[in-house]
Amino acid sequence: MKFLDEAKVYIKSGDGGAGAVSFRREKFIEFGGPDGGDGGRGGDVWVEVVNGLNTLIDFRFQQHFKASIGQHGMGKTRTGAKGSDVTLKVPVGTQIFEEDNETLIADLTKEGQRFRLAAGGNGGFGNAYFKSSTNQAPTWANPGLPGEEKTIWLRLKLIADAGLVGLPNAGKSTFLATVTRARPKIANYPFTTLHPNLGVATIDGREFVLADIPGLIEGAHEGVGIGDRFLGHVERTRVLLHLVSAQEEKVGQAYKTVKAELEAYGGGLTDKAEIVALSQIDVLDEKELKKKAKELEKACGRPPLLISAATHSGMTEVLRSLRDIIVSAAGGETALPDRSMPIKDNSAEDDGDDRL
């Protein structure tokens, strides 16, 4: 299954049914009179957050959603039935935008949330509604009002507690595969991660969700490489784990490159708590490791954590650091406090990233 985090769809609510023009003609009713019923209301278009989804792939195959029209009114003052509603089912973290792709309509972050995107048109009044002392036999009725129609954008931002950022081949996918059951594609070349991956990490009995996104390079905010289109998936996280590969010739510059791209993107990413880790330390000798750790400390302003997925060195420490920030930001709640969808650890078919 391919990952799809943005979709454009057309929606239309149902038109209201027309009112009826009718008169009573029973044998023993002396004067009869108007008895046309009102038309039924058109169906609404709703969006609902459901369990079990983590992509918008369904909207690749269907982009038009139309609710049913209301039934017309009938004689004997019978009101027409309301038109059937249409519901768009989306995963947790979906945002709804107007056609300009900028005006936010709704931000859906909890399972079970419902939002009416388009209201059905009201049904028209039948001629019985217009009867009065001065007009005993009206011969007209109202047509139903038209429904609303619009084009909207659906944009998914994954719900995760911590996000992994860094240059390509910084070791993000290997880190994810080591601490969770996720199995992203891992290879020794850049941009093997083409889509975000999720995994659930456990440390000291607590769980939290990690999100791995494709690597950033200089100019990503201008579309260089894969660009920054997946950075939205770490906007909702409480902490960022910034991995810098020990194989980088200039680790300080590598850190600053990613930091600049986060700042250019905006979205409050530079204001989030950040843990910096020097990854792949097993490839360095002790002297070179101290030199690069000092260089990275100078660039980020604090001592980085030193980790290696190959030897599991420092992994427990970094997980505990992530957990402490997440629990603190959640006000002491247990991890996964309001997880609205089952977190699917992405398999190898989802494309992974680099190697630690």
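Structural remarks
- Some residue of the stretch 297-316 being among the β-branched types (Val, Ile, Thr), outside any helix (DSSP H, G or I) and either surrounded by fewer than 17 Cβ atoms within 10 Å (Cβ to Cβ) or modelled with pLDDT of 50 or more (or both): yes
- For ASP100, the requirement of being without any contact (Cβ under 8 Å) to a residue 24 or more places away in the chain, in a strand (DSSP E or B), in contact with a strand residue (DSSP E or B) (Cβ under 9 Å, 6 or more places away or on another chain) and open to solvent by 10 Å² or more (accessible area, probe 1.4 Å) is not met.
- Residue count for the stretch 78-97 satisfying the condition of being assigned to a loop (DSSP other than H, G, I, E, B) and either modelled with pLDDT under 95 or in contact with a Leu (Cβ under 8 Å, 6 or more places away or on another chain) (or both): 3.
- Restricted to the stretch 139-193, and to residues there that are of a type in the set (Ser, Thr, Tyr) and open to solvent by less than 60 Å² (accessible area, probe 1.4 Å), the residue that is modelled with the highest pLDDT is THR151.
- Exactly one residue out of ALA7, ALA20 is small (Gly, Ala, Ser), outside any loop (DSSP other than H, G, I, E, B) and open to solvent by less than 30 Å² (accessible area, probe 1.4 Å): that is ALA7.
- Test result for THR55, assigned to a loop (DSSP other than H, G, I, E, B), among the hydroxyl-bearing types (Ser, Thr, Tyr) and open to solvent by less than 30 Å² (accessible area, probe 1.4 Å): yes
- Looking across the stretch 58-77, the residues that are part of a loop (DSSP other than H, G, I, E, B) and surrounded by fewer than 17 Cβ atoms within 10 Å (Cβ to Cβ) come down to GLN62, GLN63, LYS76.
- For the stretch 73-108, taking the residues that are under 24 Å from PHE61 (Cα atoms) and among the polar types (S, T, N, Q), the one that is nearest to the chain's Cα centre (by Cα) is identified as THR94.
Here's the yes/no breakdown for (1) open to solvent by less than 70 Å² (accessible area, probe 1.4 Å); (2) modelled with pLDDT of 50 or more; (3) in a loop (DSSP other than H, G, I, E, B):
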residue	(1), (2), (3)
VAL318	yes, yes, no
ARG323	yes, yes, no
SER328	no, yes, no
GLY332	yes, no, yes
ALA335	yes, no, yes
ASP338	no, no, yes
MET341	yes, no, yes
ASP345	yes, no, yes
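- Filtered residues of the stretch 149-173 (kept if more than 15 Å from LYS272 (Cα to Cα) and assigned to a strand (DSSP E or B)): GLU149, LYS150, THR151, ILE152, TRP153, LEU154, ARG155, LEU156
- In the set (1) of a type outside the set (Val, Ile, Thr); (2) buried (at least 17 other Cβ atoms within 10 Å of the Cβ); (3) over 19 Å from ILE326 (Cα atoms), GLU288 fails one condition alone, (2).
- For the stretch 23-49, the set of residues classified as open to solvent by less than 30 Å² (accessible area, probe 1.4 Å) and either over 13 Å from THR77 (Cα atoms) or outside any strand (DSSP E or B) (or both) consists of GLY32, ASP35, GLY36, GLY37, GLY39, GLY40, GLY42, GLY43, ASP44, VAL45, VAL47, VAL49, listed by residue number.
The values are calculated or read from the model by the stated rules, or taken from the named source; none is laboratory data. Computed from a predicted structure; not experimentally measured. Backbone-built Cβ (ideal geometry, glycine too); neighbour counts: all protein chains shown. Side chains included, ligands, DNA and RNA excluded: accessible areas come from the protein's heavy atoms. Shrake-Rupley method; radii C 1.70, N 1.55, O 1.52, S 1.80 Å.
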